[in-house]
Amino acid sequence: MLPLTLIDIIVCFLLGSIILLVLCGSSYDAVRRKHKCENQVKTTGGRLLMCFSLFTNFHKLGTLSKTEDSKSFRFIQGIRFLTMFLVVTTHGLFWTIRGPIQNPEWVEESYKDFFRSGFMNGNAIMGTFLSISGFLLSYFFMQDKHFRGSFSIFDFLRVIGHRYMRLTPVYAIMVALAASWFNHLGSGPMWNHIVSTETEDCRQNWWYNLLYVNNYINVDKSCLGQTWYLAVDFQCFVMSMLVLILLCKYPQFDKIILGAVMLLWILVPFLQTYIERLDPMVINYPDTLINLQQNRTFQRMYVPFHGNAGAYFVGVIFGYIYYNAKRNTVKRTRLMYVLVWSISLTVPWTFFMLSFIFYQPSYKYNVLSASFYACAYKTLFGTGIAVLVTGFALGYGWICNSIVSWKPFQVLGRLTYTIYFTHFSLQRLQAGATKQPVYLDEYSLFRSTLSDMIIAVGLALLLCLCIEMPFSAITTVFILPDLKVQTAPHKKS
C-alpha cells in the first residue's frame, strides 16, 4: 500500500469539506421542506447552503425548461448522450488495445475492416460536441445582442469569466483526484505505467489544465489526457466570441468575415500537415497507442486548437444562419428535408469512414492527400452535425427529433460533461489494474462499454449534484448574476 502524501491529505480535506457542505445544505433544505417554507431564502449563509442541496439540484436536473428555445433544442441533449456513448466505446477500445489481449489477430483484422477501422478515427466524433457548442454560442450570442443592442468588451470578459468559473470546479476536483487518490485505488503489472505516471504528471503540470493550455504545453506529459478537448473548446469559445463581436460591429460584412475565418481554419491544418509532413490523422496502431502523447501528429494536429477550430466554427456559422432563418420565418419545404438528411447522413460519416484507406498495407504516404484529409475531415464532420442540428431546430427532424428528445435523454445529456471525466478515468484505472489478457470482439466491446457507461453515469451524477451544479449556482447567485448569454454548451438549452 502506498504511503499517504501531503497532497493526498489536502485533497481528502477538500472533498470532506464539500461533502459536509452537501450534507448541511441538504439538511437545511429538508427542514425547510418539512415546515413548508415557500418564501425565498434571504440570508447569505442560507443561500449558500441551498446551492449544495441535493434535493434542489436533483429537482433542477430533472426539470425541463419551457421556454421556446429550450423546446426547440431538446434534441441536442439526446445527440450529446448518444455521441458520448460512441466516445466511451472508442476510448474503451483504446485502453483495451494498449493492454494484453488474448486474440491480437482481432485487432489486426479491425484495421482491414471498413466499419471497425472507423472507430480508430475517434477524434472526428468529438467534432459533434465542438459543432454543437459553436452553434449554441452563435445563436445565443446573436439573440442576446438583439435584446441588449450592443456587446461591450466588459460583457465579453464577464462571459469568459462566467464560463471559466462554471467549468473549472469539476475539472479541478478531477485533476486533484488524479494527482492523489487515484494512485491508491488498485495495482497491477501496468499500474505504474498507466496510473502512477499520470499521477506524477498531474502533480507537475496541473496548472496547465486549469489555464486551459494543456493542449499546447507539455502535451507529452499532460494530466487527464482526454481534457485536451476542454482546452480546445475553451479556446474556440474565446476566439469565436471575438469573431462574433466583430460581426456585430460590421454586420454588412458578415459573409466576408465568416468566410475568411472559416478559410483560415481550413488552411492552417493543410499548411501545417504539408510543411511538417504529418500523417492525415493519428494512425492508431497498438505501438502508437502505447505512447500516444509522444506521437508527432497527436501533438501537432490532433490536440491543438487550430487543428479542431474548423469543426467548432462551422457550428458558429450555422448558428448564425439559424438565428436569421428563425427571425425571417423560413418555410419548410420537401427539398430542405432531402438536403438536411442527405448531407447529415453522408458528409460526416463518409469522411469518418475514409480513415479505412490509411490503415491498408497498400497505402503509401502522399503529403498532398494527407494535407487535404487533415484539413477536411473534422470540418466536414462538424458540417454534417451542424446541418443536422439546424435542420432539427427548423423542424426537419421528423420522428428522429422525438426519439432524441426523449425525456431521460434530457437528464443524461446534461451529464455528458461529467461523464467525459468519469468514464476515461474509470477506464484508465481498469486498464492499469488488468492482470490477465482480455478477449476482444464486438460483443465484449459492447458489454464493457455498457458497464463503463452505467458506472460512469452514476459517478457523473454525483459530480454534477455535489460539485458542478452547486458551484454553478454560486457563480450565478453570488459572483456574476444576471448574465444572459449561453456560456456552457453542456448545460441545458
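The values are calculated or read from the model by the stated rules, or taken from the named source; none is laboratory data. Small disclaimer: the values here were computed from a predicted structure and weren't measured. Positions of Cβ are backbone-derived with ideal geometry, glycine not excepted, and every protein chain shown enters the neighbour counts. Quick note on the areas: whole protein, heavy atoms, side chains included, nothing else; ligands and nucleic acids left out. Shrake-Rupley method; radii C 1.70, N 1.55, O 1.52, S 1.80 Å.
Of GLY118, SER180, SER152, which is farthest along the charge dipole of the stretch 65-211 in the positive direction, counting Lys and Arg as +1 and Asp and Glu as -1 at C-beta? With unit charges placed on the Cβ atoms, the residue in question is SER152.
Please tell me which of these pairs span more than 24 angstrom C-alpha to C-alpha: LYS71/LYS145; LYS71/LYS378; LYS66/LYS145; LYS255/LYS331? Correct reply: LYS71/LYS378.
Note on the stretch 233-272: the alpha carbon radius of gyration divided by the globular reference 2.2 N^0.38 Å gives 1.25. Remark: the Cα gyration tensor places the stretch 295-446 in the oblate category, a/c being 1.5 or greater and a/b not exceeding b/c.
In a simple Cβ point-charge model (Lys, Arg +1; Asp, Glu -1; nothing else charged), the stretch 209-291 has a dipole of about 280 debye relative to its Cα centre. So, R0 is 56 Å and r is the distance between the beta-carbons of LYS71 and TRP181; what FRET efficiency does that work out to, to 0.05? Plugging the Cβ-Cβ distance into 1/(1 + (r/R0)^6) gives 0.85.
Estimated purely from DSSP H runs of n ≥ 4, each contributing -39500 (n - 2.57), the mean residue ellipticity at 222 nm for the chain is -21500 deg cm²/dmol once divided by its residues.
Three principal axis extents of the chain based on alpha-carbon atoms, in descending order, are 72, 65, 41 Å.
A straight line joining the Cα centroids of the stretch 9-41 and the stretch 304-344 runs 43 Å.
The Cα atoms of the stretch 1-83 define a convex hull whose projected area, averaged across directions, is 10.0 nm².
Taking a quarter of the surface of the Cα convex hull of the stretch 56-101 gives a mean projected area of 4.8 nm². Put a plus charge on the Cβ of each Lys and Arg, a minus charge on the Cβ of each Asp and Glu, and nothing anywhere else: the dipole of the stretch 1-107 about its Cα centre is then about 620 debye.
When a/c reaches 1.5 or more, the comparison of a/b and b/c decides; with that in mind, is the stretch 372-434 rounded, prolate or oblate per its Cα gyration tensor? Oblate. In the context of the full set of protein chains, residues of the chain present 46 Å² of accessible surface per residue (probe radius 1.4 Å, heavy atoms only). If you take the square roots of the eigenvalues of the alpha-carbon gyration tensor of the stretch 52-137 and sort them as a ≥ b ≥ c, do you get rounded (a/c under 1.5), prolate (a/b over b/c) or oblate? Prolate shape, in that a/c is at least 1.5 and a/b is the bigger ratio.
The alpha carbons of the stretch 145-289 give a radius of gyration and a Dmax of 19.9, 63 Å, in that order. For the chain, the cysteines with no partner cysteine C-beta closer than 4.7 Å are CYS12, CYS24, CYS37, CYS51, CYS236, CYS248, CYS375, CYS400, CYS464, CYS466.
With the charge dipole of the chain set up from +1 on Lys and Arg Cβ and -1 on Asp and Glu Cβ about the Cα centre, the Cα lying farthest toward the positive end among the listed residues ASN295, TRP228, ILE256 is that of ILE256.
For q = 0.14, 0.17, 0.19, 0.21 Å⁻¹, what log10 I(q)/I(0) does the stretch 90-229 give under the Debye formula with an equal point scatterer on each alpha carbon and no solvent? The Debye formula, applied to the Cα set alone, gives -0.90, -1.11, -1.22, -1.30. For the stretch 347-456, the share of accessible area belonging to carbon and sulfur comes to 72 percent (1.4 Å probe, ligands and nucleic acids excluded). A simple spin-label model places the labels of MET1 and GLU442 4.6 nm from each other, with each point 7 Å out along Cα-to-Cβ. Think of the chain as having a plus end and a minus end, set by charges on the Cβ of Lys, Arg, Asp and Glu; of PRO169, THR67, GLY310, THR67 sits farthest toward the positive end of this dipole. Normalised by the number of residues in the chain, what is the relative contact order in percent for Cα pairs under 8 Å and 6+ residues apart? Computed over the chain, the figure is 32 percent.
Surface composition of the stretch 237-328: carbon plus sulfur atoms contribute 65% of the solvent-accessible area (1.4 Å probe, protein chains only, all chains present).
For the chain, complete DSSP H runs whose alpha carbons reach 15 Å or more along their own long axis and whose mean Kyte-Doolittle score is 0.5 or higher are 6-34, 74-98, 153-178, 228-249, 254-276, 309-327, 334-353, 367-393, 442-463.
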